[in-house]
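Asker: First, the structure itself, so that you have it in front of you.
Derivation of every value follows stated rules applied to the coordinates shown; laboratory data play no part. Here the structure is a predicted model, which is why all the values come from computation and not from measurement. Neighbour counts run over all protein chains shown; Cβ positions are idealised from the backbone, glycine included.
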Amino acid sequence: MIKKTGSNFDIIIITGEYYDDHPLSPVGIIARVLDAKGYSVGIIEKPETKEQFVSLGEPNLCFCVTAGSMDSMLHNYTPMKRKRKDDPYNHVTKMPNRAVLFYCNKIKQYFKSTPMVIGGIEASLRRFAHYDYWDNKVRRSILYDSRANILVYGNGEKQILEIAERLKQRKDLIGIKGTCIIKREIDETVTVLPRMKEVKDDVKKFALMQKEFCIYKNLAQEYENNYLLQYQYPTYKTRDLDWIYSLPFTRKMHPQSSLKMAKFSVVTHRGCIGNCNFCSLSLHQGEKIISRSEENILDEIRKITKHPAFKGYIDDLGGPTANMYGMDCELKNSCTNHCLTCKNLDKSHDRLLDLLKKARKIPGVKKIFVRSGIRYDLACHNPEYIKEMVDHHISGTLKIAPEHFSSKVTELMNKDNASFDTFISYFNQFNKHKKQDLRYYFMIGHPGDNIQEVRLLRDLINKKGLVNINHFQLFTPTPMTNSTCMYWTGLNPLTMKPVETICDYKTKKKLKRILLNNKRKRRT
Ligand code: SF4
């Protein structure tokens with residue numbers, strides 16, 4: 001039973017976000033999974049005072065601590081390190097800086113020996129030594145600073161069930177896939193990363209560590225008297241996802257939830273084969289696609305149509321990248337190559353097209369929106385998919401992310417914009433008699449970028465006549481990405497070659513001005 005009040009819970013979750021009983025909410029999923037296996041779960045949202053921390057008493061098994069679906073520093077600060085203002089309408093609500101550490105310290109204060117499990121993005125991507133943009137230094141693994149017993153990385157359903165079972169049986173927590181622990185010895189099967197004290201001061205060692213990061217291996221990093229040990233990620237299969245997303249979520253949300261606009265969204269798959277260097281998804285949930293079965297997704301939509309608040313509109317049908325649904329490969333559990341460029345990968349979009357066509361014909365459904373981002377280079381493999389999107393699944397605008405037009409920068413981002421013009425011409429052809437637009441996302445200040453490259457970007461935006469520039473995002477070096485490694489070390493970890501980086505705010509502001517002035521000029 002999931003409760004937010006009461007006592008004698010097996011597990012108490014402390015979260016930096018509001019709790020939503022929804023399949024898009026990481027806490028919502030973990031609570032439902034534990035509940036389905038018979039564990040009682042208490043949830044404390046955004047605690048600040050002692051009364052709030054002790055309000056549910058001591059759990060029988062453990063506390064689970066998470067900042068939520070976003071790193072708390074990213075949540076609290078802009079890319080220029082300015083404090084974001086509390087704004088519930090823009091989903092910026094109070095969260096302590098370094099929320100996982102703050103919550104763990106409080107728990108230690110009030111419940112000295114109760115086991116603590118940390119998870120979510122903040123813990124997952126700070127599991128090894130990492131560059132912290134906000135402190136501008138290399139910090140050690142969050143597992144040391146939090147004094148938690150175990151860290152769960154990636155999606156944590158399998159891990160938390162195994163942890164709960166072991167704690168129930170009073171067994172140790174060694175060897176659980178998808179977790180990290182601190183251990184005195186390691187065996188010869190483990191890949192050893194450069195030591196903490198080496199990566200702290202030596203940028204080359206830091207880049208070598210980055211190159212070794214992978215979720216499919218056991219990895220260890222030596223600290224003073226012991227090792228931070230990562231156990232390889234567990235295998236999640238279609239049937240696992242089908243089970244998780246079939247749990248009885250009520251879709252009830254907190255009034256200030258960041259998911260309110262996604263109440264009737266449906267997840268189709270996990271993973272992303274894009275491997276963009278500025279994104280950490282591959283080190284969190286993996287770079288191989290695991291899709292739900294078509295029948296399981298359609299069943300979820302049929303259930304949604306019976307929801308009393310449903311008005312006929314599915315808010316989103318997608319995943320990390322919407323048009324990667326069905327791009328599973330049977331070799332994914334044994335292969336470490338990159339799928340996007342692999343000839344074995346089925347890029348036809350056939351499974352996705354079947355799903356979209358069947359989903360929109362379900363009685364009670366008026367429209368299925370696809371608001372998750374799409375990879376337009378992949379979409380060009382089947383123009384019928386672009387037509388399906390234009391005809392049935394856009395809510396006024398389709399957002400795409402070319403990120404930049406300088407090949408010097410996009411190469412360092414691991415993006416390929418060669419098919420941009422092809423995609424635009426397909427879109428315009430299918431969209432001729434409709435009032436729908438494309439919106440574009442760009443990123444500036446990424447390693448490799450400079451004033452000259454941003455001017456080139458501005459000129460090409462003008463030349464291509466792009467009017468709906470949705471967003472110029474200033475690159476933020478978040479923990480554990482390849483791009484962050486480039487920013488900190490000045491080295492590309494994939495080639496070990498030097499990379500130009502912009503770290504001073506004056507130049508970052510100048511980059512923004514070049515594009516913002518251009519935007520204003522275009523409006524007048
Ligand atoms: S064989 Fe190709 S498509 Fe299959 S998992 Fe490996 S890289 Fe991906």
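Asker: Suppose each label sits 7 Å from its Cα in the direction of the beta carbon; what would the Met80-Ser293 distance come out to in nanometres?
Answerer: 5.3
Asker: Sticking with this structure for a sec: So if each residue of separation counts as 0.36 nm, and I subtract the Cα-Cα distance between Leu173 and Asp421, what length gain in nm does that give?
Answerer: Taking 0.36 nm per residue and subtracting the Cα distance, the gain is 84.0 nm.
Asker: Could I ask something else about it? Determine, for Tyr131, Tyr505, Tyr325, the number of other Cβ atoms within 10 Å of each Cβ, and report the residues in order from fewest to most.
Answerer: Result, fewest neighbours first: Tyr505, Tyr131, Tyr325.
Asker: Could you go through segment 247-255 in sequence order and give the Karplus-derived ³J(HN,Hα) for each residue, using 6.51 cos²θ - 1.76 cosθ + 1.60 with θ = phi - 60°, rounded to whole Hz, and x for Gly and Pro?
Answerer: So the J values, rounded to whole Hz, are 5, x, 5, 8, 6, 6, 10, 5, x.
Asker: Continuing with the same structure: Can you figure out the FRET efficiency of Arg302 with Met261, using R₀ = 30 Å and their beta-carbon distance, to the nearest 0.05?
Answerer: It comes to 0.85.
Asker: Suppose R0 equals 35 Å; then what is the FRET efficiency for Asn105 and His381 from their Cβ-Cβ distance, rounded to the nearest 0.05?
Answerer: Efficiency at R0 = 35 Å is approximately 0.10.
Asker: Also: If each DSSP helix of 4+ residues adds -39,500 (n - 2.57) and the sum is divided by the residues in the chain, what number results at 222 nm, nearest 500 deg cm²/dmol?
Answerer: -9500 deg cm²/dmol
Asker: Expressed as a rounded percentage, what relative contact order does the chain have, with Cα pairs under 8 Å and six or more residues apart?
Answerer: The value is 12 percent.
Asker: Counting other Cβ atoms within 10 Å of each Cβ, which trypsin sites (Lys or Arg not before Pro) in segment 340-443 have at most 15 and sit in a DSSP loop?
Answerer: The qualifying sites are Lys343, Lys361, Lys366, Lys432, Lys434, Lys435.
Asker: Could you give the longest part of the chain that holds none of the GluC sites (Glu not before Pro) found in DSSP loops with at most 12 neighbouring Cβ atoms within 10 Å?
Answerer: 331-524
Asker: How would His338, His269 line up from fewest to most surrounding beta-carbon atoms within 10 angstrom?
Answerer: Sorted ascending by nearby Cβ count, the order is His338, His269.
Asker: What residue among Asn105, Leu515, Asn8 has its Cα farthest toward the positive end of the dipole of the chain, where the charges are +1 on Lys, Arg and -1 on Asp, Glu, each on the Cβ?
Answerer: Farthest towards the positive pole: Leu515.
Asker: If you take the square roots of the eigenvalues of the alpha-carbon gyration tensor of the chain and sort them as a ≥ b ≥ c, do you get rounded (a/c under 1.5), prolate (a/b over b/c) or oblate?
Answerer: oblate
Asker: Filter Lys137/Lys205; Lys177/Lys303; Lys343/Lys415; Lys37/Lys237; Lys260/Lys508 down to the pairs with a C-alpha to C-alpha distance above 22 Å, please.
Answerer: Beyond 22 Å: Lys177/Lys303; Lys260/Lys508.
Asker: Among Ile314, Tyr231, Cys214, pick out the residue whose Cα is farthest towards the positive end of the charge dipole of the chain, where Lys and Arg carry +1 and Asp and Glu carry -1 on C-beta, about the Cα centre.
Answerer: Result: Ile314.
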